Each structure stands twice: as structure tokens, then as C-alpha cells.
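The values are calculated or read from the model by the stated rules, or taken from the named source; none is laboratory data. Computed from a predicted structure; not experimentally measured. With ideal geometry, Cβ positions are generated from the backbone for all residues, glycine too; neighbour counts draw on all protein chains shown.
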Amino acid sequence: MEQTFIQKMEKSLTALKTEIISNLINGNEDFKKIVEGMDPKDFADIASDDIDRKMIEALGSQDLKRLRLIDSALTRIQQGKYGLCIKCGKKIPQSRLEAIPYALMCVECKSAEERRNR
């Protein structure tokens, strides 16, 4: 996969993570106080700080799931495995990654998994 595309997706993933955390800060007064009391840091780094427990309590389950998928995708970028299906190992199409930057599986494997879970 092209390095420029991977860099673009890494920026997109980081922006999504920052957005989730920013929404949490704006929507939760307790979390806002925790963040304001910390040393200044990049919002993207806050999720992996010592306040995970408090953040998990404040996050909705959907946002928490997205945050974990985003962290997983960022880790796969660092490992050089981004864009590869975790089931079959085939390349995930760029159009799918543009739509869902934290996609773990190709369309075929994801469809098969959804059919099994019905």
C-alpha cells in the first residue's frame, strides 16, 4: 500500500480520535476537570494515559468501540500491517479504508462474519 495513503489515513485516524475525545470533554464536566488538571498534552495521547478508567465510564459504548478500533488501526500502521484483513490477510480496498479508516476486515470476511452473527 502506498506510503502517502497510509500517512493520510494515519492523520484521519488521529483526527477521529481527537474528535471523540473532544466531544467527551465538551459533553462531560467531570472528564473536562480531569483533563484540565493534567499537564498539557495532545488530546490523542489522553486516551492512553492513567485516566483510562474514568474515560471508559464516561464514554458511550459506541464511542469506546470506535476508540479501540482507531487505536488498533494506528498500531497496525506502526507494525506495517495496516490495510490487511485480519481474517484472510488480503488487502482491504482503499475505498473501504477511506470510508471506514479503522476497518479490520475486507468486505468478504466482514460480510461472512455478519452472516454468522445473525
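Summary of computed values
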quantity: Which numbered condition Ala73 fails, given (1) hydrophobic (A, V, I, L, M, F, W, C); (2) loosely packed, with under 15 Cβ neighbours inside 10 Å; (3) closer than 27 Å to Asn23 by Cα; (4) in contact with a Pro (Cβ under 8 Å, 6 or more places away or on another chain); calculated: (2)
quantity: Matching option when the condition is at pLDDT 85 or above, farther than 15 Å from Glu10 by Cα and of a type outside the set (Ser, Thr, Tyr), among Gly60, Gly89; calculated: Gly89
quantity: Subset of the range 95-118 [outside any helix (DSSP H, G or I) and more than 13 Å from the chain's Cα centre (by Cα)]; calculated: Met105, Cys106, Asn117, Arg118
quantity: Residue within the range 79-89 that is loosely packed, with under 13 Cβ neighbours inside 10 Å, part of a helix (DSSP H, G or I) and out of contact with any Lys or Arg (no Cβ under 7 Å at 6 or more places or on another chain) present; calculated: yes
quantity: Within the range 92-118, considering residues that are surrounded by 12 or more Cβ atoms within 10 Å (Cβ to Cβ) and among the acidic types (Asp, Glu), the one nearest to Lys8 (Cα to Cα); calculated: Glu98
quantity: Test for Ile21: is it of a type in the set (A, V, I, L, M), more than 19 Å from Ala99 (Cβ to Cβ) and modelled with pLDDT of 65 or more; calculated: yes
quantity: Neighbours by Cβ (under 6 Å, 6+ apart or cross-chain): first from the range 78-102, touching a residue at least 24 places away in the same chain (Cβ under 8 Å); second among the polar types (S, T, N, Q); calculated: Pro101/Ser12
